[in-house]
1. Take S54 and decide whether it is out of contact with any Pro (no Cβ under 8 Å at 6 or more places or on another chain) and of a type in the set (S, T, N, Q).
2. Which one is surrounded by the fewest Cβ atoms within 10 Å (Cβ to Cβ) among residues in segment 48-98 that are of a type in the set (A, V, I, L, M) and in contact (Cβ under 8 Å) with a residue 60 or more places away in the chain?
3. State all residues of segment 1-58 that are within 12 Å of the chain's Cα centre (by Cα) and polar (S, T, N, Q); if no residue qualifies, say none.
4. For segment 7-24, enumerate the residues that are farther than 12 Å from L120 by Cα and among the charged types (D, E, K, R).
5. Consider A123 carefully, then state whether it is of a type outside the set (V, I, T), within 17 Å of the chain's Cα centre (by Cα) and closer than 28 Å to V23 by Cα.
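Read-outs: derived from the displayed coordinates by stated rules, not from any lab. These figures come from a predicted structure and were not determined experimentally. Methodologically, a virtual Cβ is constructed for each residue, glycine included, from the backbone with ideal geometry; neighbour enumeration extends over all protein chains shown.
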Amino acid sequence: MQLTQHTDFGLRLLIVLARGEVVSLPAFATEQALSYNHVAKVAQVLVREGFATSRRGRGGGIALARPASDISVGEVVRKLETGLKLANCACCALRADCALSGILAEALEAFLAVLDRYTLTDAARHGVSAFAAWAMLPPAPGTCAPPGD
């Protein structure tokens, strides 16, 4: 399963916020090599869903709305991933005679159950490298370059 770019950016922003920082969105977008427009849209959703608050003016930015230890990664993924399903069985000719949808639903619940065990505090720990298998892979072409605004 792969999360959408929207959720990826949201989790990145929340991890930085969980480290106790008020974040300027332009600075965050630059630091992460992300589109500012996309980051701003993600930040709006984080504020609307109650994960973050925005502050205007000098020294403004975005901050966590509640303690990082009270926000599970699973909760964030559920709010940011708008179409959490692994297959579209509604259009499949096998839907009346196939057990795959039940298996996929169980797998999705297991995935979310693992994410529910972790909070932003866990995800924001300093000194923990990316999952070794992923850290060793070269990025796919065009995946780490900032997208156009």
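1. Criteria met by S54.
2. Looking at the filtered set, the residue picked out is L86.
3. Q2, T4, Q5, T7
4. The answer is D8, E21.
5. Answer is yes for this residue.
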